[in-house]
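Peer 1: Here it is, the structure, as structure tokens.
Taken together, the values in this text are just the output of simple stated rules run on the coordinates, not laboratory data. Predicted model, so just to flag it, every value in this text is computed and none were measured. With ideal geometry, Cβ positions are generated from the backbone for all residues, glycine too; neighbour counts draw on all protein chains shown.
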Amino acid sequence: MNLSGRDFLKLLDYSKEEILYLLELASFLKQKKKNHESHRYLYGKNVCLLFEKDSTRTRCAFEVGALDLGMGCTYLGPTGSQMGKKESIADTARVLSRMYDGIEYRGFSQEIIEELAKYSSVPVWNGLTDEFHPTQMLADMMTIKEHFGSLKGLHLVFMGDARNNVANSLLVVCSKLGVNFTCCAPKGLFPKEELVHQCETFARENGSTITLTENVLEGVKGAHVIYTDVWVSMGEDASIWEKRIQELKPYQVNKTVMENADSNAIFLHCLPSFHDTKTKIGKEIQEQFGLEEMEVTNEVFESKQSKVFDQAENRLHTIKAVMYATMKE
Ligand code: CP
Ligand code: NVA
């Protein structure tokens, strides 16, 4: 498998075999790390991380991953560079390509990263856009595979804002890897029809199903993985909170949901998560709407079924795999 020089912008661009190869590579790199074996395979190269939105996991995974692979790394945050304000995406891409061997971008529309990649002569990786979050998917599938031994025949249910980047990407990755996918959400928040149709073709090829339902108990019945994400994503206006809370309260992942899933089901969340009031926004929501937990109850988040920190760790190994596979010569 040769992914050298490829961009990693969305999983629609990747085949099932390529995705499975990246998962295998991630497991190999994880083992190297656990055994404290040096894997400075990209020694002497440099990567640039562009973040127009905040991040903990993605930024740290790229930074630690780059260092583990022997590379130098520059972080450019939402302020402090010329990008977007005084310099176009096209010019930024051409400048950074002269200094770096790879570029990560987290920001707003998918169009921006597609433009960046068009003008960049080095690989560009998507660290999250409004539409997609492909590196997250590799960590999610790796976590599920580690837990259940294989992905075959499993059923993943996403509950919540099913139009967001994580839900869209889960729809794509599940249909590409033959995992049965259910989106459990109010109709108004179902993924766009065009993407669903595209993924139905993949699902058919890979022998899996795609179900969209508003009915929680029916939707989660027998599920092996219950997955949720925040109800309001980065870049959305804070005024949307009230509407989303009303729409999505019935889709909270709680004990009843987990009890109706398979008895061996696990809970996943890309994080960060509002499962208590120990955050600034969590407190504000409590004061404004009287809600102490949002997309997932603290009970489920802290339960044995919750694998969210295994999932967070796997961000490192999978992002490292993406950098290595696309940068090696
Ligand atoms: N899951 C995820 O992308 O987390 P960060 O926003 O912290 O990078
Ligand atoms: N849907 C979330 C994912 C965060 C990792 C957001 O875009 O804010």
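Peer 1: Given C-alpha coordinates of segment 79-165, what is the ratio Rg to Rh with the Kirkwood estimate of Rh?
Peer 2: 1.11
Peer 1: For Thr182, list long-range residues whose amide hydrogen, built 1.01 Å from N in the peptide plane, is under 5 Å from its own amide hydrogen.
Peer 2: Residues meeting the criterion, in which the H sits 1.01 Å from N, are Leu156, Val157, Phe158, Thr211.
Peer 1: Computed over the Cα atoms of segment 151-217, what is the convex hull's projected area averaged over all directions, in nm²?
Peer 2: Working: hull surface 15.7 nm².
With the hull built on Cα positions only, its mean projection is 3.9 nm².
Peer 1: Residue separation times 0.36 nm, minus the C-alpha to C-alpha distance between Ser121 and Phe28: what's the value?
Peer 2: That pair, Ser121 and Phe28, stretches by 30.7 nm at full extension.
Peer 1: Using helices alone, I'd like the mean residue ellipticity at 222 nm for the chain: each DSSP H run of four-plus residues gives -39500 (n - 2.57), total over residue count, nearest 500. Don't jump to the answer; show the numbers that get you there.
Peer 2: On the way: 13 runs with 147 residues, N = 329.
Calculated at 222 nm, the ellipticity per residue is -13500 deg cm²/dmol.
Peer 1: Report the label-to-label distance for Glu194 and Asp54 in nanometres (one decimal), using points 7 Å from each Cα along the Cα→Cβ vector.
Peer 2: So the label points at Glu194 and Asp54 sit 3.2 nm apart.
Peer 1: Could you calculate the contour length gain from Tyr43 to Val64, that is, 0.36 nm times the residue separation minus the distance between their Cα atoms, to one decimal place in nm?
Peer 2: Stretched out fully, the Tyr43 to Val64 stretch lengthens by 6.2 nm.
Peer 1: Set Lys and Arg Cβ to +1 and Asp and Glu Cβ to -1, take the dipole of segment 136-245 about its Cα centre, and tell me which of Met141, Leu154, Asn165 lies farthest positive.
Peer 2: In segment 136-245, that residue is Leu154.
Peer 1: Short version: ³J(HN,Hα) in whole Hz for each residue of segment 123-137, in order, from phi by Karplus 6.51 cos²θ - 1.76 cosθ + 1.60 (θ = phi - 60°), x for Gly and Pro, what are they?
Peer 2: x, 10, 10, 7, x, 2, 10, 4, 8, 9, 9, x, 5, 4, 5
Peer 1: Using Cβ counts within 10 Å as a stand-in for footprinting exposure, how do Ile19, Ile226, Ile266, Ile240 rank, fewest first?
Peer 2: Ile240, Ile19, Ile266, Ile226
Peer 1: Continuing with this model, one more query. Report the calculated FRET efficiency for Asp13 and Glu242 (r = Cβ-Cβ distance, R0 = 30 Å), to the nearest 0.05.
Peer 2: 0.20
Peer 1: Can you work out the Karplus-derived ³J(HN,Hα) for every residue in segment 224-230? Use 6.51 cos²θ - 1.76 cosθ + 1.60 with θ = phi - 60°, whole Hz, and x for glycine or proline.
Peer 2: Each residue's phi maps through the Karplus curve to give 8, 10, 9, 10, 9, 8, 4 Hz.
Peer 1: To continue, here is another question. How many percent of all Cα-Cα pairs in segment 276-329 sit more than 16 Å apart?
Peer 2: Summing the P(r) tail past 16 Å for segment 276-329 gives 61 percent.
Peer 1: Counting other Cβ atoms within 10 Å, which trypsin sites (Lys or Arg not before Pro) in segment 8-42 have at most 14 and lie in a DSSP loop?
Peer 2: Qualifying residues, ordered by number: Arg40.
Peer 1: Work out from phi, with θ = phi - 60° and the Karplus expression 6.51 cos²θ - 1.76 cosθ + 1.60, the ³J(HN,Hα) of each residue of segment 306-323, listed in order in whole Hz, and give x for Gly and Pro.
Peer 2: 7, 10, 5, 7, 4, 4, 5, 4, 5, 4, 4, 5, 6, 5, 4, 4, 5, 4
Peer 1: If you don't mind, there's one more thing I want to ask. Amide H of Lys45 versus every other amide H placed in the peptide plane: which residues, excluding those fewer than 5 positions away on the same chain, fall under 5 Å?
Peer 2: Under 5 Å from the amide H of Lys45: Gly72.
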